[in-house]
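Have a look at the structure below before the remarks.
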Amino acid sequence: MFQTSNALRRSVHSQVTDRVGSSIVRGEIGVGETLPPEIRICEMMDVSRTVVREAIRTLTGKGLIESRPKSGTRVRPPEQWNQLDPDVLRWHLETAEIDRYLAKLFQLRAAVEPAAAALAATHAEEVDVARIRAGCDGMDAAESNEEFVAADITFHQAIYFATRNEFFWPIAQMFEITLRQSFTIAAPGSHRPRALREHRAVLDAIAAGDAETARTATVVLLTNSADDLVRIRGREFETPRPAKRR
């Protein structure tokens, strides 16, 4: 219980939050179970009560736990956690089976990203299109896989911000953590020129204000991205398929 993950060098409070939070996500403390008493956590981690209380407040804010008088501090069900919180995402990534994680990520992107691109085509301002274009140009100019991945993330984040709908923005913010792994897997390979053309098609449709073309181009991009990962990982990833023309 409360194992340290990859020797994080942060404040004592952050380290305690990390150790307790990751233990909850790993399931070492089950839903409805209580955390050890405050004094016991102090002894286990050799920290002060002030530090433990601050960590408990942080984890409460992330939705992982709740404290009630006379019943202690209990773990809440995962559906009540703030799943888009950067720390919660990171704890999941540290414990998740990678293919299962990638499949879930593609399910989310398939459901939301085509709609985000269509909204971006309708609502994007010049600064938004410039950000999307910068991501695309960065991918084209990248001299390393790391540069390509960073530009790819910028591209997709910019689309969500370009919706001008704040309910899409948390998805963009989580991409810095969640997309990096899948993009890093897929970055090498002969498919990159095709991927660049597909990203450019999404950009051009958004810049032209063509919502339906932006939506369709995004579906094509996601479908082929999933196919690339299937070749690399050998597992299916769920994405929508473009409608067949009659």
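The values are calculated or read from the model by the stated rules, or taken from the named source; none is laboratory data. Nothing here was measured: the structure is a model prediction, and the numbers come from that model. All Cβ positions, glycine included, derive from the backbone under ideal geometry; neighbour counts span all protein chains shown. When the accessible area is computed, the model is the full protein with side chains, heavy atoms only, and any ligands, DNA or RNA have been set aside. Shrake-Rupley method; radii C 1.70, N 1.55, O 1.52, S 1.80 Å.
Checking every residue in the stretch 169-180 against the condition of being in contact with a Lys or Arg (Cβ under 7 Å, 6 or more places away or on another chain) and over 16 Å from Cys136 (Cα atoms) gives at least one match. Scanning the stretch 45-65 for residues that are at pLDDT below 95, among the polar types (S, T, N, Q) and in a helix (DSSP H, G or I) turns up just one, Thr50. The number of residues in the stretch 66-87 that are assigned to a loop (DSSP other than H, G, I, E, B) and not small (Gly, Ala, Ser) comes to 9. Only residues that are over 10 Å from Ile206 (Cα atoms) and aliphatic (A, V, I, L, M): list them for the stretch 106-131, please. Scanning the stretch 106-131 gives Leu108, Ala110, Ala111, Val112, Ala115, Ala116, Val127, Ala130. For the stretch 88-101, residues that are open to solvent by less than 60 Å² (accessible area, probe 1.4 Å) and assigned to a loop (DSSP other than H, G, I, E, B) total 1. Could you check how many residues of the stretch 129-179 are without any contact (Cβ under 8 Å) to a residue 24 or more places away in the chain and assigned to a loop (DSSP other than H, G, I, E, B)? So the answer is 5.
Out of the residues in the stretch 28-44 that are more than 24 Å from His92 (Cβ to Cβ) and assigned to a helix (DSSP H, G or I), state the one that is least open to solvent (accessible area, probe 1.4 Å). Give the derivation first.
The first filter runs over the stretch 28-44 and keeps only residues more than 24 Å from His92 (Cβ to Cβ), leaving 37-40, 42-43.
The next check asks that each one be assigned to a helix (DSSP H, G or I); those that pass are 38-40, 42-43.
Working: Glu38: 59, Ile39: 80, Arg40: 114, Cys42: 13, Glu43: 120 Å².
Checking each candidate, the answer is Cys42.
Every listed requirement among (1) among the polar types (S, T, N, Q); (2) modelled with pLDDT of 90 or more; (3) within 28 Å of Ala172 (Cα to Cα); (4) in contact with a Gly (Cβ under 9 Å, 6 or more places away or on another chain) is met by Ser14 save one, (4).
Among the residues that make up the stretch 223-239, is at least one of them open to solvent by 30 Å² or more (accessible area, probe 1.4 Å) and modelled with pLDDT of 90 or more? Within the stretch 223-239 (the criterion being open to solvent by 30 Å² or more (accessible area, probe 1.4 Å) and modelled with pLDDT of 90 or more), the answer is yes, since at least one residue qualifies. On the given criteria, is Glu147 surrounded by fewer than 21 Cβ atoms within 10 Å (Cβ to Cβ) and either modelled with pLDDT under 95 or among the β-branched types (Val, Ile, Thr) (or both)? Judged against the criteria, Glu147 is a match.
Beta carbons closer than 7 Å, at least 6 apart along the sequence or on distinct chains, never pair a first residue in the stretch 55-66 that is farther than 16 Å from Ile29 by Cα and open to solvent by 10 Å² or more (accessible area, probe 1.4 Å) with a second that is part of a loop (DSSP other than H, G, I, E, B) and among the basic types (Lys, Arg).
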